[in-house]
Each structure stands twice: as structure tokens, then as C-alpha cells.
């Protein structure tokens with residue numbers, strides 16, 4: 001019984017996750033960085049070393065990307081694949097929230 005509950009909890013957490021891949025270059029090219037986080041209101045700061053993103057591949061759901069750390073400043077909402085991103089996100093430290 002406990003194993004069944006544990007397996008159901010694992011499956012539920014996997015379903016509620018959002019995954020996206022950030023690419024350095026437009027059209028999903030260049031060095032890539034993968035993020036997988038829960039679909040919730042949590043704010044996630046990227047590594048703070050000047051993350052770059054010129055395009056984004058996303059699986060499902062919606063993510064709001066922010067110009068500044070701690071989900072502050074200008075923002076942009078992304079669903080699915082974005083072959084380019086707004087200029088204010090290129091070559092800048094930023095954060096995200098898996099909600100729109």
C-alpha cells in the first residue's frame with residue numbers, strides 16, 4: 001500500500017514539472033542549458049553567471065522569464081518553442097516562474 005502511494009506521488013510530481021532548454025543562439029542552436037522545475041508560483045534564479053538565451057524550446061505549459069533576479073523587472077511569457085527571445089533577455093542574468 002505504501003509503495004503504491006509513493007509511486008503515485010512520484011508520477012504526480014513528474015506530470016506537474018515543466019522542462020525547457022535555453023539555447024545561446026537563435027533557431028535553437030548553440031550551447032544549450034536544460035531546466036526542469038515544478039509548475040508552481042516559485043521564482044527560480046538562474047546560476048547568476050550571465051546566462052544567455054537567444055531561443056527557447058519548451059515542452060508544455062507556460063513560463064514567464066524576467067530581466068532581473070528574483071522575478072523582477074521586464075518580463076516575457078513563453079509557451080512551446082521560441083526561435084528568438086526579446087532583446088532584454090539576451091546575455092543577461094535573469095530568473096523565471098513556471099506560471100503565466
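The values are calculated or read from the model by the stated rules, or taken from the named source; none is laboratory data. Bear in mind the structure is a predicted one, so any value in this text is a computation, not a measurement. As a convention, Cβ positions derive from the backbone with ideal geometry for all residues, glycine included, and neighbour counts pool all protein chains shown.
Going through (1) out of contact with any strand residue (DSSP E or B) (no Cβ under 6 Å at 6 or more places or on another chain); (2) closer than 18 Å to residue 71 by Cα; (3) at pLDDT 90 or above one by one, residue 22 falls short only on (1). Every condition in (1) surrounded by 15 or more Cβ atoms within 10 Å (Cβ to Cβ); (2) within 13 Å of the chain's Cα centre (by Cα) is met by residue 59 except one, and the failing one is (1). When we screen 17, 41, 72 for residues that are under 14 Å from residue 97 (Cα atoms), in contact with a strand residue (DSSP E or B) (Cβ under 9 Å, 6 or more places away or on another chain) and surrounded by fewer than 12 Cβ atoms within 10 Å (Cβ to Cβ), the only hit is 41. Output the residues belonging to segment 35-83 that are closer than 12 Å to residue 22 by Cα, at pLDDT below 90 and touching a helix residue (DSSP H, G or I) at 6+ places or on another chain (Cβ under 8 Å). 53, the sole residue that qualifies. A Cβ distance below 6 Å, combined with a sequence gap of six or more or placement on separate chains, defines the contacts here; from segment 82-96, residues that are more than 11 Å from residue 67 (Cβ to Cβ) reach residues that are exposed (fewer than 14 other Cβ atoms within 10 Å of the Cβ) in the pairs 83/27.
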